[in-house]
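Data block below; observations after.
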Amino acid sequence: MESQEMKIELRNLQVEDYRDLKAAMEKAYTDYDDDPWRLKDIQLLLEKFPEGQICVCVNDKVVGCALSIVVDYDKYGDNHTYEQIVGNYTFNTHNSDGDVLYGIEVFVHPEYRGMRLARRLYDARKEICESFNLRSIIFGGRMSRYSKHKEEYTPKQYIENVKSNSVHDPVLNFQFSNGFHVKKLIRNYLPDDEASHDYAALMEWNNIYYEAKEKVINQTKSVVRIGLVQWQMREMRSFEQLVEYMDYFIDAVSEYQSDFILFPELFNAPLMQAYNHMGVSQAIRELASYTEPLRDMLLEKAVSYNINIISGSMPHLRDDKLYNITYLCRRDGTWDSYDKIHITPSEKEAWGMQGGSRIKTFDTDAGKIGILVCYDVEFPELSRIYANEGMQILFVPFLTDTQNGYMRVRNCSMARAIENECYVAIAGSVGNLPKVSNMDMQYAQSAVFTPSDFAFPTNCIKAETTPNTEMTIVADVDMDLLKELHNHGSVRTLTDRRGDLYEVVWKGEGNRG
């Protein structure tokens, strides 16, 4: 083409476009001996499904198009022919209640190739698929150069060589680059297609936003609201006083219709003041006597305030061994727990704490979550196991006395969000407890971290508190953005892992891998 100013437009096809459409198709299919689309075929498609017929225009001239219908795919299955799908060009196969957008045509005039116009057509198809809540796009992809390689490769070998770029097939290479995968190899899909030697690759693109059944209530949330409590350590003389402070924060955060509230690690340490004369090891065991009453109280609050509560962490005596336990108190009245796996040298030496031996992800009404306590987040293997199980949000209650300790938790939490393509929420305590040994001072800046890609904040920080000030933050995280990232991100740290070379294996209870 001569260099000139161009106007490119993507729009729905009209009957008036037929002359340009026919001319473009005749130029596009020089290697395939078939008649161009008839006017009556285009008219039928526009009557039955006008939204599915798209064209791309250059200077008001149609130079490419994508035609499609909606089908109830189970009626045809994977072993079908093109003529069966189009109902011998009656298009009676179109079903507005179907579940698959079936592509029956796409081409671009050869003089306009290299302008990525076909990509625009494919992107528009994907938008149609999503807007009509269809589970996938399917079509038969011509193996347009297989006849040249039929003596060298089987059809399956040909497809594999195209995928690895050892063989170039302009049709299949384009489908692969647009996120389509081969669902099945079909014989005799297009009659007399000599270039493909009568073979076609049944291609599919899955709509990650598809919902099989529309629910009026209890729908899976696309936006989840998280509340974090940056807790001020202060003198507290009774269990009731602690509960009063907790109730204040739960009430405040729930007023914003939050789905979760997270408290810090060992936030109930002020109650140890009454036992400080006993020595640190005995004092924290006395503190453990409050743990189950606190859990029961939080479970009641979760139900009455309609919010899922991650309890921070508390000391817990079990079989005469001391653990650092966190509770998930769901708003449906159920609860789960998690024992801190990695115990710091200070926790071992001063308190005699033991590390837990179980990990699990937790299902909630606002997505699948994981919990790691403070030091745990500095070990990437645990969160990777969670990610393999579908974790969307990782909650990290922490307790750090110095800025160095805090930066370890913060930077590792940010790394976990990026490498596992999830959200990470951390909450810590501030202030000091001069009358509680081994709990003298605290440093914290609570935050919600995100993955690193175009849809997320550039610095990967969704929200954060002012350092060393008692406060709460409430932040919304978009779960659909995670789906988009997993499938179409600039990089895909979950799917691009070399599982053929390495893996993370859980050797503890539950035998996860």
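The values are calculated or read from the model by the stated rules, or taken from the named source; none is laboratory data. What you are looking at is a predicted structure, and each value in this text was computed from that prediction instead of being measured. Neighbour counts are summed over all protein chains in view; Cβ atoms, including those assigned to glycine, are modelled from backbone coordinates with ideal geometry. Accessible surface areas use protein heavy atoms only, side chains included; no ligands, DNA or RNA. Shrake-Rupley method; radii C 1.70, N 1.55, O 1.52, S 1.80 Å.
Worth pointing out:
- Test result for Phe174, at negative phi, open to solvent by less than 70 Å² (accessible area, probe 1.4 Å) and modelled with pLDDT of 90 or more: no
- Every pair of residues 6+ apart whose Cβ atoms lie under 7 Å, when the first sits in region 102-127 and is over 17 Å from Trp205 (Cβ atoms) and free of Cβ contacts under 8 Å to residues at least 40 places away in the same chain while the second is of a type in the set (S, T, N, Q) and not in a strand (DSSP E or B): none
- Search result, residues across region 379-429 that are assigned to a loop (DSSP other than H, G, I, E, B) and small (Gly, Ala, Ser): Gly390, Gly428
- Complete set of residues in region 83-124 that are among the small types (Gly, Ala, Ser) and under 23 Å from Lys48 (Cβ atoms): Gly87, Ser96, Gly98, Gly103, Ala124
- Condition met for Tyr199 (among the aromatic types (Phe, Trp, Tyr) and over 29 Å from Asp74 (Cα atoms)): no
- Any hit, region 254-261, residues being open to solvent by 10 Å² or more (accessible area, probe 1.4 Å), in a helix (DSSP H, G or I) and over 24 Å from Pro434 (Cβ atoms): yes
- Conditions (1) surrounded by fewer than 17 Cβ atoms within 10 Å (Cβ to Cβ); (2) modelled with pLDDT of 95 or more; (3) more than 28 Å from the chain's Cα centre (by Cα); number of the one not met by Pro380: (3)
- Flag: Ser144 matches the condition of being open to solvent by less than 70 Å² (accessible area, probe 1.4 Å) and not in a helix (DSSP H, G or I).
- Close contacts from region 157-186, counting a first residue that is in a loop (DSSP other than H, G, I, E, B) and a second that is aromatic (Phe, Trp, Tyr), with Cβ to Cβ under 7 Å and a gap of 6+ residues or different chains, come to Val167/Tyr158; Asn178/Tyr122; Gly179/Trp205; Phe180/Trp205.
- Listed by position, the strands (runs of 3 or more DSSP E) inside region 430-513 whose residues that are surrounded by 19 or more Cβ atoms within 10 Å (Cβ to Cβ) and of a type in the set (D, E, K, R) number at least 1 are 461-464.
- Residue match in region 84-97 (condition: assigned to a helix (DSSP H, G or I) and either modelled with pLDDT of 90 or more or open to solvent by 30 Å² or more (accessible area, probe 1.4 Å) (or both)): yes
- Check on Glu235, outside any loop (DSSP other than H, G, I, E, B) and surrounded by fewer than 21 Cβ atoms within 10 Å (Cβ to Cβ): no
- In region 466-507, residue farthest from Asn388 (Cα to Cα) [restricted to those that are within 12 Å of the chain's Cα centre (by Cα) and of a type in the set (D, E, K, R)]: Asp478
- Flag for Ser413 being on the phi < 0 side of the Ramachandran plot and either out of contact with any helix residue (DSSP H, G or I) (no Cβ under 8 Å at 6 or more places or on another chain) or open to solvent by 10 Å² or more (accessible area, probe 1.4 Å) (or both): no
- When restricted to residues that are closer than 27 Å to Arg285 by Cα, modelled with pLDDT of 90 or more and not aromatic (Phe, Trp, Tyr), region 235-272 contains 18.
- The single residue among Val229, Val224 that is under 23 Å from the mean Cα position of the chain (by Cα) and either modelled with pLDDT of 90 or more or assigned to a strand (DSSP E or B) (or both) turns out to be Val224.
- Of note, Ala455 satisfies the criterion of being under 26 Å from the mean Cα position of the chain (by Cα), at pLDDT below 95, farther than 30 Å from Ala274 by Cβ and of a type outside the set (D, E, K, R).
- Under the condition of being open to solvent by 30 Å² or more (accessible area, probe 1.4 Å) and hydroxyl-bearing (Ser, Thr, Tyr), the residues counted in region 130-141 number 1.
- Looking only at region 289-299, and only at residues there that are over 20 Å from Ser429 (Cβ atoms) and not hydroxyl-bearing (Ser, Thr, Tyr), the one that is surrounded by the most Cβ atoms within 10 Å (Cβ to Cβ): Leu299
- Qualifying residue in region 379-390 (condition: under 26 Å from Met246 (Cβ atoms) and of a type outside the set (Lys, Arg)): no
- Among (1) within 30 Å of Ala212 (Cβ to Cβ); (2) open to solvent by 70 Å² or more (accessible area, probe 1.4 Å) - the single one Asp72 does not satisfy: (2)
- Residue under evaluation Glu127, criteria (1) open to solvent by 70 Å² or more (accessible area, probe 1.4 Å); (2) farther than 17 Å from Ile54 by Cα; (3) not in a loop (DSSP other than H, G, I, E, B), criterion not met: (2)
- Elements of type strands (runs of 3 or more DSSP E) contained in region 300-347, each with 2 or more residues being open to solvent by 30 Å² or more (accessible area, probe 1.4 Å) and of a type outside the set (Ser, Thr, Tyr): 314-318, 335-339
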